[in-house]
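**Q** Provided herewith is a single structure, encoded as structure tokens, for subsequent inquiry.
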Amino acid sequence: MGDIAPRELISLANDEGNSVTANVLGRDPGWSAGLNAEIVVRTPFVSGRINLVLSTSKLEGWADALNRLDSGEDIAWMEWDRGPSISIQLTGERDCPEVVVEDESGSMVTVRVPLVLPDDWIADHRQRLQQVTDHWIPMLSA
């Protein structure tokens, strides 16, 4: 890994130009137990980004979400927190996985992004999570 801080916690994309990413931007200057992050949505039709703060408990929630996805369950990550949430429906309205990014408490906008994902995407995201937690969590204080 070297000196490069892992940024991409989530990177879901397909060949049609649809993508949803969650990127760690660095430590939150106002909260020593938080990380500045952003969710970025890109499609040929709509694009946007929203800021959020990640904590150790939110990263643990993402680990739990990955386990549930691996067992075939749809998930909603961060849905009970203030700020944006990400849901993944393994079989969405278009008979393929869909990622739903919702900002109910802020802009009140919801974006549904259909994605065809590779078979190993959950294992890839477990590895991303491990890299993020190994690098960033020791820098945070409770």
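**Q** Is there a residue in the stretch 83-99 that is under 14 Å from the mean Cα position of the chain (by Cα), charged (D, E, K, R) and open to solvent by 30 Å² or more (accessible area, probe 1.4 Å)?
**A** Of the stretch 83-99, the ones under 14 Å from the mean Cα position of the chain (by Cα) are 83-89, 98-99.
With charged (D, E, K, R) added as a condition, the list becomes 98.
Next, from what is left, pick out any that are open to solvent by 30 Å² or more (accessible area, probe 1.4 Å): none.
No, because not a single residue in the stretch 83-99 is under 14 Å from the mean Cα position of the chain (by Cα), charged (D, E, K, R) and open to solvent by 30 Å² or more (accessible area, probe 1.4 Å).
**Q** Go through ILE4, ILE10 for me and flag whichever is in a loop (DSSP other than H, G, I, E, B) and aliphatic (A, V, I, L, M). Lay out the reasoning, then the answer.
**A** Values: ILE10 fails: in a loop (DSSP other than H, G, I, E, B).
Among ILE4, ILE10, only ILE4 is in a loop (DSSP other than H, G, I, E, B) and aliphatic (A, V, I, L, M).
**Q** Taking the stretch 55-68, which residues are farther than 14 Å from ILE122 by Cβ and not hydrophobic (A, V, I, L, M, F, W, C)?
**A** Here is the first cut: in the stretch 55-68, the residues farther than 14 Å from ILE122 by Cβ are 55-61.
Listed by number, the residues that qualify are SER55, THR56, SER57, LYS58, GLU60, GLY61.
**Q** Is it the case that some residue within the stretch 69-80 is within 14 Å of HIS125 (Cβ to Cβ) and touching a residue at least 40 places away in the same chain (Cβ under 8 Å)? Write out each step before concluding.
**A** Residues of the stretch 69-80 that are within 14 Å of HIS125 (Cβ to Cβ), as a first pass: 69-70, 75, 77.
In the following step, the residues that additionally are touching a residue at least 40 places away in the same chain (Cβ under 8 Å) were identified as 69-70.
Checked the stretch 69-80: at least one residue is within 14 Å of HIS125 (Cβ to Cβ) and touching a residue at least 40 places away in the same chain (Cβ under 8 Å).
**Q** Among the candidates VAL24, VAL40, VAL20, which residue alone is of a type in the set (Val, Ile, Thr), more than 20 Å from GLU104 (Cβ to Cβ) and under 13 Å from the mean Cα position of the chain (by Cα)? Spell out the reasoning first.
**A** Details: VAL40 fails: more than 20 Å from GLU104 (Cβ to Cβ); VAL20 fails: more than 20 Å from GLU104 (Cβ to Cβ).
None of the others qualify; the one that does is VAL24.
**Q** Name every residue in the stretch 13-31 that is part of a strand (DSSP E or B) and open to solvent by 30 Å² or more (accessible area, probe 1.4 Å), in order of residue number.
**A** ALA13, LEU25, ARG27
**Q** Being in a strand (DSSP E or B) and of a type in the set (S, T, N, Q) is the filter here, so list the residues in the stretch 32-76 that pass it.
**A** Step one: filter the stretch 32-76 for residues in a strand (DSSP E or B), giving 35-42, 47-54, 75-76.
Across the stretch 32-76, the qualifying residues are ASN36, SER47, ASN51.
**Q** Would you point out the residue of the stretch 100-113, among those that are among the charged types (D, E, K, R) and within 27 Å of GLY34 (Cβ to Cβ), that is most open to solvent (accessible area, probe 1.4 Å)?
**A** Of all residues in the stretch 100-113, those among the charged types (D, E, K, R) come to 102-104, 112.
Subsequent filtering for residues that are within 27 Å of GLY34 (Cβ to Cβ) retains 102-104.
Numbers: GLU102: 58, ASP103: 19, GLU104: 131 Å².
Filtering first and then ranking leaves GLU104.
**Q** If you don't mind, there's one more thing I want to ask. In the stretch 129-139, how many are open to solvent by 50 Å² or more (accessible area, probe 1.4 Å) and either under 15 Å from ILE88 (Cβ atoms) or of a type in the set (Asp, Glu) (or both)?
**A** Initially, the stretch 129-139 is screened for residues open to solvent by 50 Å² or more (accessible area, probe 1.4 Å), giving 130-131, 134, 138-139.
Keeping just the survivors that are either under 15 Å from ILE88 (Cβ atoms) or of a type in the set (Asp, Glu) (or both) gives 134.
Residues flagged as open to solvent by 50 Å² or more (accessible area, probe 1.4 Å) and either under 15 Å from ILE88 (Cβ atoms) or of a type in the set (Asp, Glu) (or both) within the stretch 129-139 amount to 1.
**Q** Six or more apart or on different chains, Cβ under 6 Å: which pairs go from a residue in the stretch 89-110 that's over 14 Å from ASN18 (Cα atoms) and part of a loop (DSSP other than H, G, I, E, B) to one that's hydrophobic (A, V, I, L, M, F, W, C) and open to solvent by less than 70 Å² (accessible area, probe 1.4 Å)? Could you list them?
**A** Pairs found: none.
**Q** Shifting gears a bit: In the stretch 111-133, what count of residues is obtained for those that are over 17 Å from LEU12 (Cα atoms) and either at pLDDT below 95 or in contact with a Ser or Thr (Cβ under 6 Å, 6 or more places away or on another chain) (or both)?
**A** Summing the residues that are over 17 Å from LEU12 (Cα atoms) and either at pLDDT below 95 or in contact with a Ser or Thr (Cβ under 6 Å, 6 or more places away or on another chain) (or both) in the stretch 111-133 gives 0.
**Q** Just to be sure before I move on: is VAL40 without any contact (Cβ under 8 Å) to a residue 40 or more places away in the chain and touching a Phe, Trp or Tyr at 6+ places or on another chain (Cβ under 8 Å) in the structure I sent?
**A** Here the answer is no, as VAL40 does not meet what is asked.
The values are calculated or read from the model by the stated rules, or taken from the named source; none is laboratory data. Quantities reported herein were computed from a predicted structural model and do not represent experimental measurements. Virtual Cβ from ideal backbone geometry, glycine too; neighbours counted across all protein chains shown. Each accessible area value is taken on the protein alone, full model and side chains, heavy atoms only, with ligands, DNA and RNA left out. Shrake-Rupley method; radii C 1.70, N 1.55, O 1.52, S 1.80 Å.
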